[in-house]
Structures are given as C-alpha cells and as structure tokens.
Amino acid sequence: MLAQIASAAVQGIEAWPVEVEVDANFGQTNIVIVGLPDAAVKESRDRTLTALTNSGFRFPMGRTTINLAPADVRKEGPSFDLPIALGILAASEQIEPAGRSLQEYVIVGELALTGAVRPVKGVLPIALHAKAAGKRGVLVPRENAAEAAVVAGLDVIPVQNLREAALFLEGTVIIAPLKVDTTALFNQLPPDDVDMADVKGQESVKRALEIAAAGGHNLLLIGPPGTGKSMLAKRLATILPPLTLDEALETTKIHSIAGQLAAGQGLVTTRPFRAPHHTASDAGLLGGGINPSPGEISLVHHGVLFLDELPEFKRSVLETMRQPLEEGRVTISRAAGTMTFPSQFMLIAAMNPTPDGKMPHESKSSPREIQNYLGRISGPLLDRIDLHVEVPAVKFAALTQAAPGESSAIIRPRVVAARERQQARFAGRKISCNARMATRELKEFVPLDGSTLDMLKNAMTELNLSARAYDRILKVALTIADLAGRDTVNHEDVFEAIQYRSLDRQLWG
C-alpha cells in the first residue's frame, strides 16, 4: 500500500515542501530511503523502526521504500523521523487515517528510540509555509508548538510521542490546537535591568546614542578604559522602538532555524542584542558551515550588534561585514548551496584610542605604534559607521551628582516619534529608517540651500571625507531634524552631523 505524508524542510530562512512517500510491498524484508537524504536522514531508518516497536506497533515486513520528493534536492536533519514513521504505519495498514488528514497537515519531528517526539529547528518557517500552501495545520513536537502557534489561522497540534500522533490521525484521540495571543506576548516584555539613568555624565554621548537609535545609524565609541563605553552600548537597546509583528516574525525565523529559541518560546518580542568576543571567526560572525547557518549578524537582525575592542577583531573578519552593512543581507556560498540571510542591524563598536588605552596626547606609545593600532580598522569600514563619538573620562562632579540623568523611559518616546515620522515619509517603500536610504531618497528628502552646501563643501575638503561619508552626514542630519519634529533639514542639523564625522579624521589622519 502507498501512503503520502506532507512534510517540509528549511533552506535559508524559508521552508519548502517535501512529500514523504512510503510504499509497503511483498518481498524480502528491507527498508530503503531514497530522495537524496543526508547521513542524519539515512539514520532515520534505525531510529524510526526502534521507535515503532517501542511504541507498540509491529515491525514492517516485506520491502518498504521511502521516497522524499523532490528527489533532486538534498534532505538534511532528523525532522523527517515522525512523517516517515507515520507513513510506514499508514502504508502497512496499522493505522487508518480519517479522511484526507495525512495531506491536511504538515508533519515534522525527531523521534527518540522510546517513541517520544523531540523538538527540531525551523518550525516557524515551516508553519508559515503550511499556511501559505493552504494546509489545515501542522503536527509538531510539543516544545516547538508555541513558535508555530504565532501563525494565525493554522491548527497547531502539539504531540509528545509517536503513538499519540498516530491515534490523532486516526481520529481516536482529540488534541486541541494550541493558541497563542501574540498581543499578550508583546505586553509581557521582561523588565529592563539596565537604564540610561544609570550612566553618570556623558550627555554628549547620550545625545549621539539617541540619534543613532532614532535613525538606525551605526556608531563608534572611542575613549579610554573606564569611561563607560560598554555601559552606554548595552543601554542602547532600552531606547530603541519596539519590534513590529512582522519584524518579530522575521527575527524569530532566524532564531528558530539556528536553534536559539528557548523551550516553549513562541516569539522574539525584544530587539536582539549580541556582543561576540573579539576572537570570533568569519563563520561565527557571518554564518557558514558545511550546511550554511546564520551567524551573529543575522541572529541580531532588527537589533544591535556590539563589537567591543574593535581593533582586536581580525581584520579579515571586520572586512567581511562591509557588504552586509551596506546591503542588509549576507550571502553564503558553499558546495552544498548558496544561502541568503537578512542582516539589518545597528553596529555599535567601542575601542581605545591607543594601544595603552590613553588619549593620543597622553599615550606613551610611539606615533607609529598608534598608527598601526588604528590601522587595523580600514577606511571603507569606518565610512560605513555613521557616527564617531569620543567618550571622555567622567569627571568627579558628574559621578557624585545626586540627580540622575534622563531615563530610558523618557528618551524612548522621542526615538519612537522620530521613527514614526520616517515610516510616514517612506510609506510604500522598502525603507525602514533613515540609515537605509539610498542616494535617490537623499536627493528627494534632503534638499539643501546654498550656505549649507558651502559648509558641506568646506568640511569635505578640510576633513578629507569620502562620498559615502557625505551621504552619511545627510542621513544623520535628517534624523536630527526628525528628533526636533521638523520635515526639513537646516544649517544646524548638518553642522551637528559633521561633528560626528570629524573624530575619525583627527585620530586616523
């Protein structure tokens, strides 16, 4: 008898359909899996047979052929265990599925030898695919059910073991579909354990952080140790706008395929903040491996990537970030295939100004040593960082002041209001914030008068700025205008934006 089970696999961050065809026939007892399976899928035969017998079903006799279609695409991972086992039961007539239930549900799950169903990666993309394909629902491991249930209009059936899944398909066991209230998930945000009010002094740096958050700009903090660079960077996430549902779904998809979701977690509702160590490799930062998987810059999609001690990272690692910073995505090419992962993130970097950590005029390092240290960061990478801010030592009076500075709760509404202006400005365009504007949008939204153009010309000449830096200045100036509640950029906005580009020329020049 022939049985057909609907399943799915994930490539990149999208799922595609896989049909599990099982044919049980007469002949010498043998089980064959075809359809370009990898080692993990081939091992599914042994896991599945043991799980069947330990679940109270009989061992299939005769020749059993299992085909994973389409046959020309490589199948990876253990997620086909459950559909293969259910296909064997249906083909050997050990279960009689009610109606068209085998085709109405997309089924994924790994089997333990006991018959228990273990969680798998990539369930959210699979659930989104099932809805797009018009399926009634999905059968998934209980631990994965919460992430699948964020997809509205889909019956998500959580199963704990093979027998329960088989009896559900027969109609003898009723399992209520899991429902998740996504609005409630966003309302249950964890309390922030950090706040901008914790930072003493550094008002000019806080202003730069507010501008960066409002426009989605990249930021470089330069200062001696102990000035609060890391402290400030870690508090940036507390003033960023909340994730929208679409952004949360896209971010959750990446965390799902990377296996980064906690057990029972349905949705990533806060903007990711990740701070990889400076020993991180190219593959760790960008993603890769034999079967390409997302790296840090994709796991932090719609969030903040913090690189502390920037010059300590390998130059080759830093240079590989140039294209993702510009395009908002990373493409990984391997023999197994080419994968593209989204990577729209804010880069916040911190570094000392000299090898010994002191400012150049106080350092005991020679000018050549300082230049070699700073030269670890290339000019093209610096050009992609919109704001370069000096973080001075905090004075004693600021440390001992009783009155706290502005809290994140006060700053965040200003940032949200600026982002709302940008959303209205870019309505109907695939632009999320000012930092993502192209040259065409700059010409349209940032017209300049003659005196402002003369000032920009002088700045370009005296500071030896590149054409890319010119665009960055205009983007930052527009964000400054948005924070002020204005639709047009004036002379003061551009002047302030230039100040955030001059520091790198003072140190690197």
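A compact table of results
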| read-out | value |
| --- | --- |
| Among the candidates Glu170, Glu203, residue that is open to solvent by 30 Å² or more (accessible area, probe 1.4 Å) and in contact with a Gly (Cβ under 8 Å, 6 or more places away or on another chain) | Glu203 |
| Residue among Gly450, Gly485 that is out of contact with any helix residue (DSSP H, G or I) (no Cβ under 7 Å at 6 or more places or on another chain), open to solvent by 10 Å² or more (accessible area, probe 1.4 Å) and at pLDDT 90 or above | Gly485 |
| Among the residues listed as Thr64, Thr48, the single one being in a helix (DSSP H, G or I), β-branched (Val, Ile, Thr), open to solvent by less than 60 Å² (accessible area, probe 1.4 Å) and at pLDDT 90 or above | Thr48 |
| Those helices (runs of 4 or more DSSP H) lying entirely in the stretch 119-175 with at least 2 residues under 17 Å from Ala51 (Cα atoms) | 162-170 |
| All helices (runs of 4 or more DSSP H) inside the stretch 333-452 with 1 or more residues being among the basic types (Lys, Arg) and within 30 Å of Ala258 (Cα to Cα) | 408-425 |
| Single residue of the stretch 310-327 satisfying the filter (more than 16 Å from the chain's Cα centre (by Cα) and assigned to a loop (DSSP other than H, G, I, E, B)) that is surrounded by the fewest Cβ atoms within 10 Å (Cβ to Cβ) | Lys314 |
| Residue match in the stretch 70-82 (condition: in a helix (DSSP H, G or I), among the acidic types (Asp, Glu) and crowded, with 19+ Cβ neighbours inside 10 Å) | yes |
| Subset of the stretch 274-292 [over 18 Å from Ser316 (Cβ atoms) and out of contact with any helix residue (DSSP H, G or I) (no Cβ under 7 Å at 6 or more places or on another chain)] | Ala275, Ile290, Asn291, Pro292 |
| Pro367 being open to solvent by 50 Å² or more (accessible area, probe 1.4 Å), out of contact with any Cys (no Cβ under 6 Å at 6 or more places or on another chain) and not acidic (Asp, Glu) | yes |
| Condition met for Gln94 (surrounded by fewer than 19 Cβ atoms within 10 Å (Cβ to Cβ) and outside any loop (DSSP other than H, G, I, E, B)) | no |
| When residues of the stretch 206-246 are limited to those that are open to solvent by 30 Å² or more (accessible area, probe 1.4 Å) and of a type in the set (Lys, Arg), the one modelled with the highest pLDDT | Arg207 |
| The stretch 29-48 residues that are under 12 Å from Leu68 (Cβ atoms), paired with ones that are open to solvent by 70 Å² or more (accessible area, probe 1.4 Å) and assigned to a helix (DSSP H, G or I) (beta carbon under 9 Å, 6 or more apart) | Val32/Arg45; Ile33/Lys42; Ile33/Arg45 |
| Flag if Pro37 is open to solvent by 10 Å² or more (accessible area, probe 1.4 Å) and in contact with a Leu (Cβ under 9 Å, 6 or more places away or on another chain) | yes |
| Residue match in the stretch 419-430 (condition: among the acidic types (Asp, Glu), open to solvent by 10 Å² or more (accessible area, probe 1.4 Å) and free of Cβ contacts under 8 Å to residues at least 40 places away in the same chain) | yes |
| Selection count where residues are charged (D, E, K, R) and touching a Phe, Trp or Tyr at 6+ places or on another chain (Cβ under 8 Å), scope the stretch 318-346 | 1 |
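The values are calculated or read from the model by the stated rules, or taken from the named source; none is laboratory data. Remember, predicted model here, so these are calculated numbers, not experimental data. Virtual Cβ from ideal backbone geometry, glycine too; neighbours counted across all protein chains shown. Areas reflect the complete protein model, heavy atoms only, side chains present, ligands, DNA and RNA absent. Shrake-Rupley method; radii C 1.70, N 1.55, O 1.52, S 1.80 Å.
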